1. Residues VAL149, VAL128, VAL161, VAL91: which one is touching an Asp or Glu at 6+ places or on another chain (Cβ under 6 Å) and among the hydrophobic types (A, V, I, L, M, F, W, C)?
2. Using the structure shown, decide if LEU222 is open to solvent by 70 Å² or more (accessible area, probe 1.4 Å) and under 18 Å from THR28 (Cβ atoms).
3. Between PHE158, PHE154, which is assigned to a loop (DSSP other than H, G, I, E, B) and within 22 Å of the chain's Cα centre (by Cα)?
4. Just need a number here: residues in the range 106-141 that are outside any helix (DSSP H, G or I) and either surrounded by 13 or more Cβ atoms within 10 Å (Cβ to Cβ) or on the phi > 0 side of the Ramachandran plot (or both).
5. In the range 65-86, which residues are among the small types (Gly, Ala, Ser), part of a helix (DSSP H, G or I) and either open to solvent by 10 Å² or more (accessible area, probe 1.4 Å) or within 20 Å of GLY264 (Cβ to Cβ) (or both)?
6. Does ILE144 satisfy the criteria of being in a helix (DSSP H, G or I), open to solvent by 70 Å² or more (accessible area, probe 1.4 Å) and under 15 Å from ILE89 (Cβ atoms)?
7. Scan the range 234-254 for residues that are open to solvent by 60 Å² or more (accessible area, probe 1.4 Å) and either touching a Gly at 6+ places or on another chain (Cβ under 6 Å) or in a helix (DSSP H, G or I) (or both) and jot them down.
8. Determine which member of the set ALA231, ALA212, ALA257, ALA217 is within 21 Å of the chain's Cα centre (by Cα) and not in a helix (DSSP H, G or I).
Amino acid sequence: MIELKTNRTLPSRLVIGLCLVLLFAMVTVLAPWFAPYDPYAQDLAMRLQPPVWSDGGDWSHPFGTDGFGRDYLSRLIYGGRISISIAVIVVAISAPIGILLGLAGGYYGGFIDNCIMFIITTRLSLPVVLVTLAIVSITGGSFITAALVLGFLFWDRFAIVIRAATQQLRTRQFVLSARATGASHVQVLAREILPNVGLQALAIATVEMAHAILVEAALSFLGLGVQPPAASWGLMVAEARDLFFFLPHLVVIPGLAICLLVLGINLISDGLQPTRSEY
């Protein structure tokens, strides 16, 4: 196997992205310790309290309350669990599918590659958002349904990128040497090719995580994703849209959280590009 060369210093955008994502992950994983209230506890006497930076706001509810008197900061923290969880589940489902198809098509070529390219082309002809909306509207909106549908639709980028990388690697000297020593095709794929396309797969995984977060937020906003009273950033925006002109923070805060998390993930993906191995 060839020796990979990597940069000694991490790109600043990669560091910034990692810090943002790790901050969100830490806060959401430790939500019971960071959230000051139960995100589902209602108190109609405290409904629509302003945030601390507005007139009448106080530190008992730093981000104010929603239309049901639920603490907005607590719901924001727990809402991050939904976004991060669905991103991880979607990638966990789509990555193995796309990587296996890409490896098989790029390594074997011929008839197998033609069949896999037909599958990829068929998948690319299906608009992700429209297909997801159709399936979720038929089966009913829920976290599990949205995660499974997106997971089985987001594998195409993995397949395309890994297939192209495998085609470049299959004729390299270290692959030919492994085959000459009697290694099976499976051993060559697992030991020689797969480790050398891992960075490309990781970069695609970050992109798909950001994409999954945005699609989940859109589905929840339309009422086809996570259902009330669950805390979801997209659902929080949907619940507050009629109050935007009176209490804009109810829309801006979850919207900003989505933007920052997606920005952090995209910075990680972009930061991985300069560290790509030179062969």
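1. Details: VAL149 fails: touching an Asp or Glu at 6+ places or on another chain (Cβ under 6 Å); VAL128 fails: touching an Asp or Glu at 6+ places or on another chain (Cβ under 6 Å); VAL161 fails: touching an Asp or Glu at 6+ places or on another chain (Cβ under 6 Å).
Going through VAL149, VAL128, VAL161, VAL91 in turn, the sole match is VAL91.
2. Details: open to solvent by 70 Å² or more (accessible area, probe 1.4 Å): yes; under 18 Å from THR28 (Cβ atoms): no.
Considered against the rule, which asks whether it is open to solvent by 70 Å² or more (accessible area, probe 1.4 Å) and under 18 Å from THR28 (Cβ atoms), LEU222 comes out as no.
3. Just a single option satisfies the conditions, and that option is PHE154.
4. Residues flagged as outside any helix (DSSP H, G or I) and either surrounded by 13 or more Cβ atoms within 10 Å (Cβ to Cβ) or on the phi > 0 side of the Ramachandran plot (or both) within the range 106-141 amount to 3.
5. Matches in the range 65-86: GLY79, GLY80, SER83, SER85.
6. Spelling it out, ILE144 is indeed in a helix (DSSP H, G or I), open to solvent by 70 Å² or more (accessible area, probe 1.4 Å) and under 15 Å from ILE89 (Cβ atoms).
7. Answer for the range 234-254, where residues must be open to solvent by 60 Å² or more (accessible area, probe 1.4 Å) and either touching a Gly at 6+ places or on another chain (Cβ under 6 Å) or in a helix (DSSP H, G or I) (or both): GLU239, ARG241, ASP242, VAL252.
8. Residue meeting the stated conditions: ALA231.
The values are calculated or read from the model by the stated rules, or taken from the named source; none is laboratory data. Since we're looking at a predicted model, the values are computed, not measured. Using ideal geometry, Cβ is built from the backbone for each residue, glycine included, and neighbour counts are taken over all protein chains shown. When the accessible area is computed, the model is the full protein with side chains, heavy atoms only, and any ligands, DNA or RNA have been set aside. Shrake-Rupley method; radii C 1.70, N 1.55, O 1.52, S 1.80 Å.
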